[in-house]
Amino acid sequence: MRVLRCADSGVLVEVADLGEALALQAALAEDPPEGVSDIVPAARTVLLRMDSGGDVDAVAAAVGRLRPRRGRRAAAGELEVPVQYDGRDLADIAELTGLSEREVVRAHTGAEWTVAFCGFAPGFGYLVCDDTRLHVPRRSEARARVPAGAVALAGEFSGIYPRASPGGWQLLGSTELVTWDLERDPPALLRPGVRVRFREEPPRPDRRGTAGTGATRRDARQAQSEGGTRADAGS
């Protein structure tokens with residue numbers, strides 16, 4: 001680990017890879033150093049934000065003494081996500097993984113996923129699991145619009161698009177579950193440490209291969225609740 005001061009009220013910890021970041025996040029969540037108000041994990045870093053008047057040097061020293069156990073993951077609740085596996089990239093994912101489409105679905109629903117960190121857009125969680133068969137590259141060309149609720153894969157991650165936006169992930173299917181809602185406390189269902197299970201729902205005949213375009217009503221509801229805002233960057 002490399003422990004660095006971050007501005008006047010933070011400590012940034014750099015680690016070698018995502019596995020170490022997950023282990024460090026779990027250790028800090030279980031026993032946070034005194035004065036830490038927020039723990040923000042990323043792919044290879046963990047940021048600790050301090051209360052006003054907190055002793056940054058003392059926190060940095062406490063973090064430096066930690067020896068996180070690889071394989072540990074923070075526990076922040078559980079979530080079941082119903083999915084219609086009607087994504088327009090499902091056949092491509094099967095070809096990339098060497099699995100059949102049904103095997104891809106069984107692997108995705110059979111794994112226990114954990115939200116490693118959040119980014120790209122409010123409510124977008126990067127989910128990881130131990131099944132390396134589902135590792136696939138991003139699309140060579142991003143789509144101009146991916147609908148809200150699209151369930152996708154890219155690299156070692158799975159994710160759910162919280163709102164309509166550009167995106168380059170491989171689309172597996174779609175969910176009607178609203179993962180980001182400003183009227184909810186907390187607004188995001190997918191928070192670091194949350195364990196996720198995907199549950200298959202049969203696709204409707206008119207949605208096969210649409211990658212969730214049936215979520216138009218969901219998009220409209222969300223646009224109304226958020227004042228019509230939309231993400232302007234792709235994932």
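The values are calculated or read from the model by the stated rules, or taken from the named source; none is laboratory data. Just so it is clear, the structure is predicted and the values come from calculations on it, not from any experiment. Virtual Cβ from ideal backbone geometry, glycine too; neighbours counted across all protein chains shown.
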On the basis of being closer than 30 Å to LEU48 by Cα, buried (at least 23 other Cβ atoms within 10 Å of the Cβ) and at pLDDT below 95, does ALA74 make the cut? yes
Being over 26 Å from ARG184 (Cα atoms) and aliphatic (A, V, I, L, M) is the filter here, so list the residues in region 93-150 that pass it. ILE93, ALA94, LEU96, LEU99, VAL104, VAL105, ALA107, ALA111, LEU134, VAL136, ALA142, ALA144
Where residues in region 88-128 are hydroxyl-bearing (Ser, Thr, Tyr) and in a helix (DSSP H, G or I), which of them is surrounded by the most Cβ atoms within 10 Å (Cβ to Cβ)? THR97
Does region 137-144 include one or more residues that are more than 21 Å from ARG197 (Cα to Cα), touching a Pro at 6+ places or on another chain (Cβ under 7 Å) and part of a strand (DSSP E or B)? yes
Lone unmet requirement of (1) free of Cβ contacts under 8 Å to residues at least 60 places away in the same chain; (2) within 22 Å of PHE124 (Cβ to Cβ); (3) surrounded by fewer than 19 Cβ atoms within 10 Å (Cβ to Cβ) for VAL46: (3)
Kindly evaluate LEU172 against the criterion of being assigned to a strand (DSSP E or B) and either over 24 Å from ALA29 (Cα atoms) or touching a Gly at 6+ places or on another chain (Cβ under 8 Å) (or both). yes
What number of residues within region 171-192 are surrounded by 21 or more Cβ atoms within 10 Å (Cβ to Cβ) and closer than 26 Å to THR45 by Cα? 5
Among the numbered conditions (1) surrounded by fewer than 18 Cβ atoms within 10 Å (Cβ to Cβ); (2) at negative phi, tell me where GLY53 comes up short. (2)
Find the residue count for region 1-29, including only residues that are of a type in the set (S, T, N, Q) and within 12 Å of THR45 (Cβ to Cβ). 1
Is it the case that some residue within region 64-87 is out of contact with any Pro (no Cβ under 8 Å at 6 or more places or on another chain), of a type in the set (A, V, I, L, M, F, W, C), under 18 Å from TRP169 (Cα atoms) and not in a loop (DSSP other than H, G, I, E, B)? yes
